[in-house]
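Comments concern the structure below.
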Amino acid sequence: MQEEEPSINFSLGDIQKEWHWIKPEIEQLLADNPQLTYKVEDVYAKCLYKDASLILVDKGFIVVIITEDETQTKKSFFVWIAKTLNKPTGFIELKNIWKTLEILGKESGCSTIETSTPIKRVGRYLEKTGWTLKTLDYTKDLI
């Protein structure tokens, strides 16, 4: 049985041109996930100054950061933000999004792909598809 190819349309985006619709989506993401510590302006600045890349997909956008280790011998493709305008319709769509990101990471010369997520469904999917869980972050307010 031949494995299906990813069918997600993606293109490199320009944060200045797309900011009018991306900004409210990031604001909502931050409101829904108060544990996230970055600001809306951080996303804009990182994309504007090419420290991060904006990828436009069929139903949303993804922001990735490519990092290098201290010796600059290994590059990592970090999926910083992945926002769909509608929830993925199912397993196949979720699989195709992540498979496409893996392909983009390889094409970018990266040897690893990384992400973090507060969404348990995404974490369960990643663990079932070859990703390794490194850490879980817990926090408790003291005030």
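Numbers for the structure displayed
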| read-out | value |
| --- | --- |
| Probe 1.4 Å - accessible area at TRP98, Å² to nearest ten | 20 |
| Where labels lie 7 Å past Cα in the beta-carbon direction, separation of GLU41 and LEU12 in nm | 2.7 |
| Charge tally in the Cβ shell below 15 Å around GLU68, where Lys, Arg are +1 and Asp, Glu are -1, GLU68 excluded | -1 |
| Share, in percent, of DSSP beta bridges within the chain that are antiparallel, nearest 5 | 80 |
| Reduced Cα scattering model of the chain, Debye log10 I(q)/I(0), q = 0.22 Å⁻¹ | -1.71 |
| Rounded accessible area of LEU94 (nearest 10 Å², 1.4 Å probe) | 10 |
| Accessible solvent surface per residue of segment 1-131, calculated while the other protein chains remain in place, 1.4 angstrom probe, Å² | 65 |
| VAL43, VAL57, reordered so the largest accessible area comes first (probe 1.4 Å) | VAL57, VAL43 |
| Solvent-accessible area, 1.4 Å probe, carbon plus sulfur percent, for the chain | 52 |
| Cut-off under 5 Å, modelled amide H: who pairs with LYS59 long-range | none |
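The values are calculated or read from the model by the stated rules, or taken from the named source; none is laboratory data. Bear in mind that the values here come from a model prediction, so they are computed numbers and not experimental data. No Cβ is skipped: glycine too gets one built from the backbone with ideal geometry, and neighbour counts run over all protein chains shown. Areas reflect the complete protein model, heavy atoms only, side chains present, ligands, DNA and RNA absent. Shrake-Rupley method; radii C 1.70, N 1.55, O 1.52, S 1.80 Å.
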